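Visitor: One structure, as structure tokens, below. Some questions next.
None of the figures in this text is laboratory data; all of them are computed from the coordinates on show. Worth saying up front: this structure is predicted, and the values here are computed from it rather than measured. Cβ coordinates were reconstructed from backbone atoms using ideal geometry, including for glycine residues, and neighbour counts include every protein chain displayed.
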Amino acid sequence: MDFMLIVFFISLFIILSGAVYKKLQSNSITEPFLALLLGVIVGPDVLGIIDSAPVSEEFKILETACQFTLAMTLMATALRIPQDFFKRNAQTASLLVIFGMTFMWLLGSLVFYLIVPNFSMGQSLLLGAVIAPTDPVVASTLTSGKMAKKYLPGFLRNNLSFESGMNDGLSYPIVFIALLLGGFATYDLADWTKRIFLYQNVLCAVLAYLVGNGAGFLMRNSHRAGLMNKKTILPFSMAVALFLLAGFNALQMNGIIAVFAGSLAFAKDITSNEELEEKHVQESMERLTTTPVFFILGLMLPWQQWNLLGWKAIAIPLLILIFRRIPAVLALMPFLPKFRNKIYSSLLLGWFGPIGVATLYYSVLMKEKSGMEEVWVIPSLIVVASTLVHGLTSVPLEKIYHRKASRLKEFSEQDT
């Protein structure tokens, strides 16, 4: 891969999409999908302007891009969520994150086990874990912007944002227990409990929250003392996200959950004016970091391996999009105070559970650790399908939902 050519096309895309950004926000063609399409067109499989690199190098580039993108997106997600959101929605948010993700893991695994006959239950569990997280990158195209705010109530947008941010990091122990169950791990259950679950995740989240709280305290007091201005807000918040990612990765902890936990703590200490400014600058950074991941993915798509799947290349994404999430949300609906007896709200929440950058990150990670080629081939196919389908259906379904749900009074004006 020619690095400068990659930079050239990514920059060109951001310039052109930025020139018509309002138009893009009002239709169903999302920037992630357009960046993906551009990568395919200029990549080795179509025009060949950008050549392939050694496989190990390509995956390393993609893994790094995913981590940076998730860091920026998780910070932006944390800043979008109201400060008192979890306090007011503790039961709904907790059940969605814990049981919702567990159900999605098991339902996705069941689809793989039934559709791919040569897969063992362990292999199916690993693939199901990789696609379990709801992606905050693609979800942000559904939960932010004028169209989302016009048609979706706040409780729906905020629950999806919180869930997509939280379960990216919480997928980490699930993916590694699935690696153990699949027979690919070099550790046992006791080691997983102590090292991966308690050290790399629980302790990591606690320490990251303290670090984020300290960063928010520093920013708030520096601002009050007149030592900061608006020019420093963007680099400060970016640095906090990257500090959490790189610092906790260096400690061999889960950098993804560190970013979200730390970002939540950082966001709660920002004053209302700072928070407003933060939302705008972070959404801009979200766009800048999202484009490269999908563009690079477009360069790397495994077309030949997809072709070998035959009819399964259509059946697997279709069944995953229908049966991975909607049944999980509907099963939890009676126990979710914010969604109880709200069928249209529950159906929309169940449908808009996109699969994207988080899955790509875990896919690359598990491919390296398991040596299982399918753990890259199949999730990448599902990511492309999700990016296309969820993008195309976002605006139409938002409008239909608003019309149907408002008739049944599933939300009030103050919820919007």
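Visitor: Once you've got the Cα coordinates, tell me which of 87/194; 87/409; 146/399; 87/149; 60/367; 149/399 are over 18 Å apart. The partial results should precede the final answer.
Guide: Numbers: 87/194 29 Å; 87/409 24 Å; 146/399 13 Å; 87/149 22 Å; 60/367 12 Å; 149/399 11 Å.
Flagged as over cut-off: 87/194; 87/409; 87/149.
Visitor: Could you check the spin-label model distance between residue 392 and residue 318? Points 7 Å from the Cα along Cα→Cβ, value in nm.
Guide: That separation, rounded to one decimal, is 1.3 nm.
Visitor: Step through the residues of region 105-116 one at a time and calculate ³J(HN,Hα) from phi using the Karplus curve (6.51 cos²θ - 1.76 cosθ + 1.60, θ = phi - 60°), rounding each to whole Hz and writing x for Gly and Pro.
Guide: 3J(HN,Hα) across region 105-116, in whole Hz: 4, 5, 5, x, 4, 5, 4, 4, 5, 7, 8, 10.
Visitor: Let's test the formula: R0 of 60 Å, r as the Cβ-Cβ distance of residue 400 and residue 195. What FRET efficiency results, to the nearest 0.05?
Guide: About 0.80, to the nearest 0.05.
Visitor: Along the positive direction of the dipole of region 33-118 (beta-carbon charges: Lys, Arg +1; Asp, Glu -1; about the Cα centre), which of 77, 44, 96 reaches farthest?
Guide: Checked the options; the winner is 96.
Visitor: For all pairs of alpha-carbon atoms in region 107-187, what percent lies in each bin of width 10 Å, listed from the first bin to the last filled one?
Guide: Once binned at 10 Å, the Cα pair distances of region 107-187 give 19, 35, 26, 16, 5, 0.
Visitor: Which number do you get for Rg(Cα) / (2.2 N^0.38 Å) in the chain?
Guide: 0.94
Visitor: Kirkwood hydrodynamic radius, computed over distinct alpha-carbon pairs, for region 3-120: how many Å, to one decimal?
Guide: Hydrodynamic radius (Kirkwood, Cα pairs) of region 3-120 is 18.5 Å.
Visitor: For residue 218 and residue 19 in the same chain, what is the full-extension length gain: residue separation times 0.36 nm, less their Cα-Cα distance, in nm?
Guide: On the way: separation 199, 0.36 × 199 = 71.64 nm, distance 3.65 nm.
Taking residue 218 through residue 19 to full extension adds about 68.0 nm, to one decimal.
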